[in-house]
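Accompanying notes for the structure given below.
Just so you know, all these numbers are worked out from the coordinates, no wet-lab data involved. What you see is a predicted model, and the numbers here were worked out from it, not measured in a lab. Note that we place each Cβ from the backbone using ideal geometry, even for glycine, and neighbour counts take in every protein chain shown.
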Amino acid sequence: MRDVRRDFPILSRTVHGKPLVYLDNAATSQKPTAVIDALDRYYRETNANVHRGLHTLSEAATAAYEDARRKVARFVHAARPEEIVFVRNTTEGLNLVAHGWARKFLKAGDVVLLTEMEHHSNIVPWHILRDQIGITLRFLRVNDDGTLDLSDLDAALEGVKLVSFMHASNVLGTINPVRQIADAAHAVGAKVLVDGAQGVLQMPVDVGALGCDWYAFSGHKLCAPTGIGALWGRYELLEAMDPFLGGGDMIESVRLEGSTWAEPPARFEAGTPAISEAIGLGAAVDYLCSIGMAEIQAEDATLTAYALEKLPQVPGLRLLGSAPQRGPVFAFTLAGIHPHDLSALLDEDGIAIRAGHHCAQPLGRRFGVPASARASLAFYNVPEEIDALVTALMGAREMFANVRS
Ligand SMILES: Cc1ncc(COP(=O)(O)O)c(C=O)c1O
């Protein structure tokens, strides 16, 4: 895995004169040369609008865009490429299900089951829908160790029409038992939407094996450009859904009296799509497959074990979450130092971490921690970077102790 670092040009830069130690991968991943080159090549050689042109460039752009869809479909083991809807990001994928499916099929009083650990992108769309059509929201609670409380899942599922939850937590690192929850949900006739924003770079994803109905993820967390993501959905569900946005490319026919929709996925891709970004996502998927998602998962496990050994050695450090199934995401507080100060201080050493509520304010409240620091690793990190983090945290502690005394 040390060799893969060479694939990421940004990893060789310095910040404040120190080698960059990039530990903010849960926010966004870095991009390998293969992806940067794919974007460059597209704009130099192929740039044109897709689907509507009959000239050489448009046909080439369309072929590359649709090829990217096939690559993404293979990457998540979709039954067919048409099950992949290109969206801007996870947030848009989740909102698409809320608008296109839930708004159509749910009515006042129907229950949507979420969890207390969700990112705001899987809470706010449901608040909006509740306020508009009167659905009821219910939340699975989080145990002290950061796992979901599934002790009374059957009771929690009573009357539920949709369960929507994250594959992996962007704060606690917890990897949720998707199959178990999906099976229980299906047993009561509920549909299952999974927020795959963090899961998709951490492990091989097989949507069939996970047993869900939709799976949403962002390209930018998967070594791809920003502005592109995907919503996978079982085709018959996509077919039943209403469009989210209306416009060009998503119609079958338009008359002054009304319009009819194209079949999925075009129905959900109104307007000129993010063409180069989708092609970049295809290149990212190719790159990740060339390493192997199982190898990436194994590397994450090694880095996670090392971080879990080292971080607790910092006096006053409190890690949030200790789930047995977890990814390389570590939110923590350091006694006496505000996470924002810590992040600014670490930046002086070239170390990039995140600080704040991580778009999970209800979870922060659950743990009595409105803000925390977060170090999140990817397969291109190395143990020495965890050492650098630990040394910098020790230094920050000492510095603040001196200021106080
Ligand atoms: C678990 C989780 N869900 C959803 C999102 C939203 O992703 P995006 O901002 O790319 O839509 C994030 C982003 O951090 C996340 O970590």
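Data for the structure
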read-out: Set of lysines near LYS104 by C-alpha distance (under 24 Å), chain-local residues within fewer than 8 positions excluded; value: LYS161, LYS191
read-out: Cβ-defined net charge surrounding PRO81, 12 Å radius [Lys, Arg +1; Asp, Glu -1]; value: +1
read-out: Residue pairs, from the table LYS18/LYS310; LYS107/LYS221; LYS31/LYS71, whose Cα atoms sit over 27 Å apart; value: LYS107/LYS221
read-out: In segment 1-63, the trypsin sites (Lys or Arg not before Pro) that fall in loop regions by DSSP, at most 16 other Cβ within 10 Å; value: ARG13, ARG52
read-out: Between segment 343-405 and segment 182-203, the Cα center-to-center distance that results, in Å; value: 30
read-out: The chain: angle of helix 178-187 to the longest principal axis, Cα-based, in degrees nearest 10; value: 40
read-out: Antiparallel bridges, percent of DSSP beta bridges restricted to the chain (to nearest 5); value: 60
read-out: Mean separation of Cα contacts under 8 Å, 6 or more apart, over the residue count of the chain: relative contact order %; value: 23
read-out: Tilt relative to the chain, helix 293-310 - C-alpha long axis, 0 to 90 degrees, to 10; value: 30
read-out: Proxy reagent accessibility, fewest Cβ within 10 Å first, across HIS220, HIS16; value: HIS16, HIS220
read-out: Nonlocal amide H pairs with VAL205, under 5 Å, H built at 1.01 Å; value: none
read-out: In segment 227-334, the GluC sites (Glu not before Pro) that fall in loop regions by DSSP, at most 15 other Cβ within 10 Å; value: GLU257
read-out: Between helix 56-75 and the chain: long-axis angle, C-alpha atoms, 0 to 90°, nearest 10; value: 60
read-out: Of ASN122, ASN49, ASN95, the one that fluctuates the most in a GNM where the chain has Cα springs shorter than 10 Å; value: ASN49
read-out: Other-chain or far-sequence residues with amide H under 5 Å of ARG326's (modelled H); value: ILE175
read-out: Rg/Rh for segment 34-289, where both radii come from Cα atoms and Rh is the Kirkwood radius; value: 0.99
